[in-house]
Amino acid sequence: MIELPTLPTIQGSDAVATPILGIDLGTTHTLVSVFDAGGARILQSPEGESLLPSVVSFPIDGAPVVGSAALQRARLDPLRTVHSAKRLIGKGVADLGRELATLPYSIVDAPNRSLAMIDLQDRLLSPTEVSGHILAEARRWAAIALKLPLGQVTRAVVTVPAYFDDSQRQATRDAAQLAGLEVVRMVNEPTAAALAYGLDKGDAEFVIVYDMGGGTFDVSLLQLKDGVSRVLATSGDTYLGGDDFDRAIMRHAAELIRERTGVDVWDDPAAKAALRMAAERTKIALSSAEEADLVYQDPGAGIALRETIDWRMFQSWIAPLVQRSLDCCMRVMQDAGIPPEKIDEVVLVGGSTRVPLVKAAVAQLFQRPAKDNINPDEVVALGAAVQAGVLGGKVRDILLLDVTPLSLGIETMGGAVSKLIDRNTAIPAQAQEGFTTYVDGQTAVDLHVVQGEREMAADCRSLGRFFLRGLPPQPAGLPQIAVRFTLDANGMLRVQAKDQKSGVAAHIDIQPKHGLTDEEVETMLKDAWQNAEVDMNARRVADIRAQLDNVVRAIEKQNKYIQHLTADQQERLQDALEEAAACGEINEADKLKGILDEVEESSFPLAEALMNFVAKEAIKDQKVSDLS
Ligand code: ADP
Ligand code: MG
């Protein structure tokens, strides 16, 4: 008889692949997205907002408040309302220059560690914790929008600025963990923008990503080649963005208020927060109109201002700021040694690129219109969703491979891997193997497809899982389930499972190379070699355990025949079963094998008794049927 490896049992009837979110954790705004049947799309809050203000307010007596609600609280409680945490994340006080002077709260180093903390007077707050609250809110939005329980929304691609160092990236990862999210991939913001535009698939090689957000300006020069995006150089100004445009309008308003009422709003944090919001509204209106009203009132202080601002005034205030951004663009090209005429595409990112002067200035510098047809404050989040789609196998990689870099296989009972296609197999390739069930009456099997050289599935890379459902109930080990791997010339893997008897079938399509850099492949290989011995043992242990489990179950089912055994035989079997039940701690394959052998041997008389009984019954049945 052919021995078929057994497949794990199904976990729960409605276990489904969990989605991978795309998250743009911005200094000013955070967006969350997903890649599904319709492509990449932004997920909205239950109230219909797409932009989650990256602001968290910490009331002295109550739970933290996130987003627009926190923004509202900025006026009431400016000292306990934290914005721009991204400026502080993963940095020590010593790394913070101008930040210190511009923030309303004081910053101290964490005890024993050089990581900046915000002093809320009653406690120290880490920027990681602030970002954690923002990510948790984004996750909540996503769960509601996707109609999934929060427990199924646990993975995300998170974007970070290209210049973020290890410490800033790690702190961002930690923040995600606080929010219950595993970061499956971190993507540089400019790369995400290029992905959203699908530039990785076109002819463009040198791409400028011009990102002017709320508080920061970043410009990156990317080289897209062979489906790989490289950041050649970055430049920018951590204090240049839409906030400066707002401030220009605020300064004008504050001057008018001082002239007319003698009140200095600049010194009052609450008044300043309110004036800031009014100025931002005016600025946004000026992106689509030639003039807009600036409205600000504070009845308590006897202030009521309504002033028309026209775009020429506004442009003259912001022109020097825009020029500064152009200087950074020149620098980035100089650093990379790529002249402007070699730039193939310019992509606009960030809400502030909606300002007509910004757009015009960039177009003039590069002598071409910049790409702006994707909403500039959504483009990074959409790119994150595209990357999530790639990781989830929903987007085809453009890379063509000629051999599989890593082995492909399926998880079997006990967590071991059964390899179907070995690494370095030329593609296209096909392989098939038979499997069976582990539990009596099992109607579904969980097929977990993995990639890697390690012996245990948990140490390999999970490529996806699917279920073969609707199997007719049969005793364990009887069904013959054919699992076929088909790897096409594009590196796309199709895994099909079919129950030979009933014809019930299911399949999954996977892009195995997705998201793996050559370096990652190398690391996985090295890992496998270094762990080969440990793995072999783990694998044997898992296999023996699974067999032992099977035998013990079978014996338990035949319990009622034990009475036909002699006292000696019964005692020996009982001892063996007790030893098997207590083997949980044993991790030596040879010892386990000894126990398994003893259980099998001592159960032999039981099998004999059973066979005798079955034979007798068969004769009885025959007689009954002969009579009828
Ligand atoms: P970040 O990446 O820093 O979180 P965003 O890309 O969300 O920032 O950009 C936020 C900035 O964009 C804010 O200063 C906001 O006022 C500005 N902004 C948004 N829409 C417009 C518009 N229509 N015109 C001008 N500025 C805008
Ligand atoms: Mg941004």
Simple Cβ-charge dipole of the chain, Lys/Arg +1 and Asp/Glu -1, about Cα centre, in debye nearest 20: 1440
From Cα pairs below 8 angstrom and at least 6 apart in sequence, can you work out the relative contact order of the chain, rounded to a whole percent? 13
Just to check I understand the Karplus step: with θ = phi - 60° and J = 6.51 cos²θ - 1.76 cosθ + 1.60, what whole-Hz values come out for region 325-339, glycine and proline as x? 5, 5, 4, 5, 4, 4, 4, 5, 6, 4, 4, 8, x, 10, x
In this structure, among K91/K272; K498/K560; K201/K283; K147/K272, pairs with alpha-carbon gaps over 29 Å are K498/K560; K201/K283; K147/K272
Using modelled amide H (1.01 Å from N, peptide plane; none on Pro or chain starts), what sits under 5 Å from the amide H of T216, excluding residues fewer than 5 places away? L240, G242
Radius, Kirkwood style, for region 183-265 when every pair of distinct Cα atoms is counted (Å): 15.3
If you take the square roots of the eigenvalues of the alpha-carbon gyration tensor of region 128-208 and sort them as a ≥ b ≥ c, do you get rounded (a/c under 1.5), prolate (a/b over b/c) or oblate? oblate
What is the extension gain from D575 to Q500, computed as 0.36 nm multiplied by their sequence separation minus the C-alpha to C-alpha distance, in nm to one decimal? 23.1 nm
Charges on Cβ only, +1 for Lys and Arg, -1 for Asp and Glu, centred on the Cα centroid of the chain; of Q430, Q451, S352, which one is farthest towards the dipole's positive end? S352
Computing the accessible area with a 1.4 Å probe over protein heavy atoms, can you report the carbon and sulfur percentage for the chain? 50
Would you mind computing, in nm to one decimal, how far apart the modelled labels at Q152 and S418 are, each placed 7 Å from Cα along Cα→Cβ? 2.9
Can you put E585, E579, E49 in order of accessible area, largest first, using a 1.4 Å probe? E585, E579, E49
The answer for GluC sites (Glu not before Pro) in region 179-267 that fall in a DSSP coil and have at most 16 neighbouring Cβ atoms within 10 Å is E205
Determine by what factor the alpha-carbon radius of gyration of region 408-514 differs from 2.2 N^0.38 Å, reporting the quotient. 1.04
Return the long-range amide H neighbours of G22 (sequence gap of 5 or more, or a different chain), with a cut-off of under 5 Å between placed amide H atoms. S33, V34, V157
From the residues P299, T216, I257, which one has its Cα farthest along the dipole of region 169-318 in the positive direction, the dipole being from +1 and -1 charges on Cβ of Lys/Arg and Asp/Glu about the Cα centre? T216
Arrange the residues D218, D459 by how much accessible surface each exposes, largest first, with a 1.4 angstrom probe. D459, D218
Go ahead and collect, in residue order, the members of region 302-333 whose backbone nitrogen is under 17 Å from a label point 7 Å along the Cα-Cβ direction of E255. 306-321
Could you tally the net charge around L471, taking each other residue with its Cβ under 11 Å from the Cβ of L471, Lys/Arg +1 and Asp/Glu -1? +2
Span per principal axis, largest first, for the Cα atoms of the chain (Å): 114, 57, 55
Tell me, what is the Rg over Rh of region 242-316, with Rh the Kirkwood radius over Cα pairs? 0.95
Judged on accessible area alone, 1.4 Å probe, highest first, D446, D549, D590 line up as D590, D549, D446
Gain in length, T308 to E585, computed as 0.36 nm per residue apart minus the alpha-carbon separation, to one decimal in nm? 91.9 nm
For K501 the rounded accessible area (nearest 10 Å², probe 1.4 Å, non-protein molecules ignored) is 150
If amide hydrogens are placed 1.01 Å from N in the peptide plane, which non-local residues have theirs closer than 5 Å to the one on G39? none
Accessible area per residue for the chain in Å², computed with a 1.4 Å probe and the full protein assembly in place, what is it? 48
Alpha-carbon gyration tensor eigenvalues x 5, square-rooted, for region 530-596, Å: 29, 11, 7
Of I134, L124, L565, which is farthest along the charge dipole of the chain in the positive direction, counting Lys and Arg as +1 and Asp and Glu as -1 at C-beta? I134
Highest to lowest packing among 85-93, 593-601, scored as the average C-beta count within 10 Å: 85-93, 593-601
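The values are calculated or read from the model by the stated rules, or taken from the named source; none is laboratory data. Keep in mind it's a predicted model, so treat the numbers as computed, not measured. Note that each Cβ is placed from the backbone with ideal geometry, even for glycine, and that neighbours are counted across all protein chains shown. Each accessible area value is taken on the protein alone, full model and side chains, heavy atoms only, with ligands, DNA and RNA left out. Shrake-Rupley method; radii C 1.70, N 1.55, O 1.52, S 1.80 Å.
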